[in-house]
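Rule-based calculations on the coordinates, nothing more; no lab input. Note that the coordinates shown come from a computational prediction; the quantities given were computed from them, not determined experimentally. Note: ideal-geometry Cβ built from the backbone for every residue, glycine included; neighbour counts use all protein chains shown.
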Amino acid sequence: MKKVLTILILLGAAGVCFFLGWVQFQVPPGAYGVIRSKTHGTDGGVIRPGEFRWVWYRLIPTNAVVQVYTLPEPALPIEIRGKLPSGDVYSAMAGIAGDFSYELKGSFSYSLRPEALPGLVERWNMSSQKDLDAYVEKLSPEIENRIRQNLWTYAEREDVLERIRTGGSIPELEGTLAAAFPAAENLAIRLEILNFPDFTLYREVKEFYGDYIASQRQTLSAGLDRMAGEAVAAKRRLDELSLYGELLSKYPILLNYLALEKGFPPSGNTGAGSAP
């Protein structure tokens, strides 16, 4: 009888230990858990509902807690509008009223990766669902800004806009965002084009503008070359006159020789003084 009682006590103790170390049962369906303990910090393995998990250090009283989180799945609107580069300049030069503006409207959605939850809890010292929701509220504008930056670049490419018009998405942009925000997954962007720019006209007026600028540059270059040549010739003439001036100042008698060459009578002043 004593032996049976001992076995029962051992089984009871084992059951209690098993129950205390069994963490998965604390996580309801649709949620995820993160273990934080005084002895081991934040456990790197996320607790999933329906997936058995037993942790021995939960046997230490008040040592570990299981924080339960529901992962948000934000879905937010996005809209951008703008004009093709220098569109107004090209239109004014060509004297046309071309519409080179674009406008895109849609939404983006994402969810947090369950595997990223322990790292987020550790990094931001989260302790409740409220903390996680606050993180998502901060993350969503960052993703939106990155989408806008890329869309302004993509909107200048006719092939990408055509793909958006036919398919409503940009797979390469979704891949870029996934790499930039590793805590997010299931990134999806749905877009529609409200205004499609006239790329054909844009290319024509851009080429016209380029030809005009090239012509102006050539004309200006020729004018500058001519002015440079005239400036060089003028400087050369000034240098010659300066040299003549120095010679005449040093040897005034040269004036007589110059006068004789021109057929004028020589000057009486030779610079050597007059005879008595």
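Quick one: Glu144, Glu207, fewest Cβ neighbours within 10 Å first, how do they rank? The fewest-first ordering by Cβ neighbours comes to Glu207, Glu144. Applying 1/(1 + (r/R0)^6) with R0 = 25 Å to the Cβ-Cβ distance of Glu51 and Ser127 gives a FRET efficiency near 0.65. Gain on full extension, evaluated as 0.36 nm per residue between Glu158 and Asn195 minus their Cα-Cα distance, stands at 12.1 nm.
The label-point distance for Arg236 and Ser101, in a model that sets each label 7 Å from Cα toward Cβ, rounds to 5.9 nm. With viscosity 1.002 mPa s and temperature 20 °C, the Kirkwood radius over alpha carbon pairs of the stretch 104-180 converts through Stokes-Einstein to a diffusion coefficient of 149 µm²/s.
Dividing the convex hull volume of the alpha-carbon atoms in the stretch 55-195 by its residue count gives 116 Å³ per residue. A simple spin-label model places pseudo-atoms 7 Å from Cα toward Cβ; at Glu142 and Arg217 they are separated by 4.3 nm.
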